[in-house]
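Each remark here refers to the structure printed beneath this line.
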Amino acid sequence: MKPHTYSIIIPAHNEEKYIGACLEAIALAKKAVPDCRTEVIVVANRCTDQTAMIANRFGAKVIENADKCISKIRNAGVRAAEGEIIVTVDADSRMTDGSLKEIGEMLESGKYIGGGTNSKFDRMSLGIFCSSMYVAYHLFPIMRKQKAMLSGGMFWFYRKDFDAIGGFDENLVSLEDMDFAIRLNRLGVGRGLKYGTLKRSRIITSSRKFDEFGDWYLIKNRTVTKRIFTGKDREAADAFYYDVR
């Protein structure tokens, strides 16, 4: 595999509990691509804790951000990036050791426009399993329409292709990940390329939303869940994402 330049973007709102493990996992993944240059950008969003200090200690570039819109937060990180390959991962998630190597291999193959990653919660229960199936039930019709399985979790793509589709849609306060996957997939279809999912690698993501709201919250509060799935309901997004922690 030829040398690449990676920029890893991490949006972070009061993530002192998780950001260290996220950055440690990235450090291990970097060892598998020793000839590649890798920068880590933490977008510290309205943080009042030690998130920025911990990120600095790991040698990450820290950008302060005050937006209450995950699309704007992600886009701010990418705008500051210098790498040809962009990887986005949430602060409460940990990539596995071979992630960067596999991303480079898949993009270098010339078969993929970019893609996502399968994820696994750090704990599982009947409520979390059923909630995951409930979310998948609502996302499946979207993927069937696109004629592709569009994974999210940790996106990877060339910076030039991010620019070509205009980045994450800043009109969305939720569901921006699925929207981004759809538009990236469309760009790929137009070029005869596939939307990929890492095969050997994945992310381990925290179950903190379930810890905070309860394992059955999404099913018991289906009205709120449907509002979140519109992508544009500020009140629901604030209650579930932006005003938490």
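The table below lists the values:
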| read-out | value |
| --- | --- |
| Count of residues meeting criterion [of a type in the set (S, T, N, Q), within 20 Å of the chain's Cα centre (by Cα) and surrounded by fewer than 19 Cβ atoms within 10 Å (Cβ to Cβ)] in region 203-224 | 1 |
| Any pair with Cβ under 7 angstrom, 6 or more apart, that starts in region 156-176 at a residue that is assigned to a loop (DSSP other than H, G, I, E, B) and ends at one that is of a type in the set (S, T, N, Q) | GLY167/ASN75; PHE168/SER71; PHE168/ASN75; ASP169/SER71; GLU170/SER71; GLU170/ASN75; LEU172/SER71 |
| Condition check for GLY231: closer than 15 Å to HIS138 by Cβ and within 19 Å of the chain's Cα centre (by Cα) | yes |
| ALA148 aliphatic (A, V, I, L, M), modelled with pLDDT under 95, more than 18 Å from ILE9 (Cβ to Cβ) and part of a loop (DSSP other than H, G, I, E, B) | yes |
| Residue tally, condition touching a helix residue (DSSP H, G or I) at 6+ places or on another chain (Cβ under 7 Å) and either of a type in the set (Val, Ile, Thr) or closer than 18 Å to LEU107 by Cβ (or both), over region 200-230 | 6 |
| Conditions (1) assigned to a helix (DSSP H, G or I); (2) in contact with a Cys (Cβ under 9 Å, 6 or more places away or on another chain); (3) more than 28 Å from MET143 (Cβ to Cβ); number of the one not met by GLU15 | (1) |
| Flag if TYR158 is aromatic (Phe, Trp, Tyr), surrounded by fewer than 19 Cβ atoms within 10 Å (Cβ to Cβ) and modelled with pLDDT under 90 | no |
| Flag for ILE63 being in a strand (DSSP E or B), in contact (Cβ under 8 Å) with a residue 40 or more places away in the chain and more than 24 Å from ILE228 (Cβ to Cβ) | no |
| Residue that is surrounded by the fewest Cβ atoms within 10 Å (Cβ to Cβ) [pool: residues in region 77-134 that are of a type in the set (S, T, N, Q), in a loop (DSSP other than H, G, I, E, B) and over 17 Å from the mean Cα position of the chain (by Cα)] | SER109 |
| Number of positions in region 204-221 that are in contact (Cβ under 8 Å) with a residue 12 or more places away in the chain and of a type in the set (D, E, K, R) | 4 |
| Flag if LYS72 is crowded, with 17+ Cβ neighbours inside 10 Å, basic (Lys, Arg) and out of contact with any Phe, Trp or Tyr (no Cβ under 9 Å at 6 or more places or on another chain) | no |
| Only listed residue being surrounded by 15 or more Cβ atoms within 10 Å (Cβ to Cβ), at pLDDT 95 or above and either closer than 23 Å to ILE9 by Cβ or among the charged types (D, E, K, R) (or both), chosen from ARG200, ARG183, ARG227 | ARG183 |
| In region 192-229, the residues that are in a helix (DSSP H, G or I) and of a type in the set (A, V, I, L, M) | LEU218, ILE219, VAL224, ILE228 |
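The values are calculated or read from the model by the stated rules, or taken from the named source; none is laboratory data. Bear in mind that the values here come from a model prediction, so they are computed numbers and not experimental data. Cβ atoms come from the backbone with ideal geometry, glycine included; neighbour counts cover every protein chain shown.
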